[in-house]
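Here is the structure we will look at, set down as structure tokens.
The values are calculated or read from the model by the stated rules, or taken from the named source; none is laboratory data. What you see is a predicted model, and the numbers here were worked out from it, not measured in a lab. Glycine gets a Cβ as well: all are built from the backbone with ideal geometry, and neighbour counts include every protein chain shown. We work out accessible area using only protein heavy atoms, side chains counted, and drop any ligands, DNA or RNA first. Shrake-Rupley method; radii C 1.70, N 1.55, O 1.52, S 1.80 Å.
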Amino acid sequence: SAICRPHCGHGRCIALNKCSCEKGWTGRGCKKAVCKSGCGRGKCVRPEFCKCNRGYRGATCESAICRPHCGHGRCIAPNKCSCEKGWTGRGCKKAVCKSGCGRGKCVRPEFCKCNRGYRGATCESAICRPPCGHGRCIAPNKCSCEKGWTGRRCKKGKC
């Protein structure tokens, strides 16, 4: 019987220090697993099975893992998102409104949801109901009257 050093781990010794490896194994002593598609960002640990490096997953360790998930973007490296246009922040979850939302919140790119009592593209206008007669609305349901006018809605003339 032939002697092999190192011992043929996943194979059999067929001649002095010569191993015949089982399918899926190679190298000196048949100790190196074979993954035909490769393991990208990982290591082949048994035939056709990759153990991925931290932050990667998939059969060949090709996919980066992002936590939190990249909501409006894609994961380009472990915990690193590339955000779609109009989104930013951790996990691409924060919408961008370039002009701001004053008295409201940016809920999707360039779209504000105004606080109660405000309106307008950037929530810049207060709402007065009924409207201010001879004045302007300066806060929800609060009017600033023109000279010569008074009252809650600026509808009473001053004598």
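On the basis of being at negative phi and either aromatic (Phe, Trp, Tyr) or surrounded by fewer than 12 Cβ atoms within 10 Å (Cβ to Cβ) (or both), does Arg5 make the cut? The answer is yes for Arg5. Just one of the listed residues (Ala33, Ala77) is in contact with a Pro (Cβ under 9 Å, 6 or more places away or on another chain) and among the hydrophobic types (A, V, I, L, M, F, W, C), and it is Ala33.
Checking each residue in segment 87-121 for being buried (at least 18 other Cβ atoms within 10 Å of the Cβ) and part of a loop (DSSP other than H, G, I, E, B) picks out Cys97, Cys101, Arg103. The set of residues in segment 71-86 being open to solvent by 80 Å² or more (accessible area, probe 1.4 Å) and farther than 24 Å from Gly40 by Cβ consists of Glu84, Lys85. In this structure, Lys18 qualifies as basic (Lys, Arg) and loosely packed, with under 15 Cβ neighbours inside 10 Å.
So, of the residues in segment 133-144 that are among the small types (Gly, Ala, Ser) and part of a strand (DSSP E or B), which turns out to be surrounded by the most Cβ atoms within 10 Å (Cβ to Cβ)? Per the stated criteria, the residue is Gly135.
Restricting attention to segment 36-70 and to residues that are hydrophobic (A, V, I, L, M, F, W, C) and more than 28 Å from Lys23 (Cβ to Cβ), the residue that is surrounded by the fewest Cβ atoms within 10 Å (Cβ to Cβ) turns out to be Ile65. Just one of (1) open to solvent by less than 50 Å² (accessible area, probe 1.4 Å); (2) in a loop (DSSP other than H, G, I, E, B) fails for Lys147. It is (1). Restricting segment 1-53 to residues that are touching a residue at least 24 places away in the same chain (Cβ under 8 Å) and within 44 Å of the chain's Cα centre (by Cα), the residue that is farthest from Ala77 (Cα to Cα) is Lys23. Pairing residues of segment 137-159 that are under 18 Å from Ile127 (Cβ atoms) with residues that are part of a loop (DSSP other than H, G, I, E, B) and among the polar types (S, T, N, Q), at Cβ distances under 9 Å and at least 6 apart in sequence or on separate chains, gives Pro140/Asn115; Arg152/Asn141.
The residue that is farthest from the chain's Cα centre (by Cα), counting only those in segment 87-145 that are of a type in the set (Gly, Ala, Ser) and closer than 30 Å to Lys158 by Cα, is Gly133.
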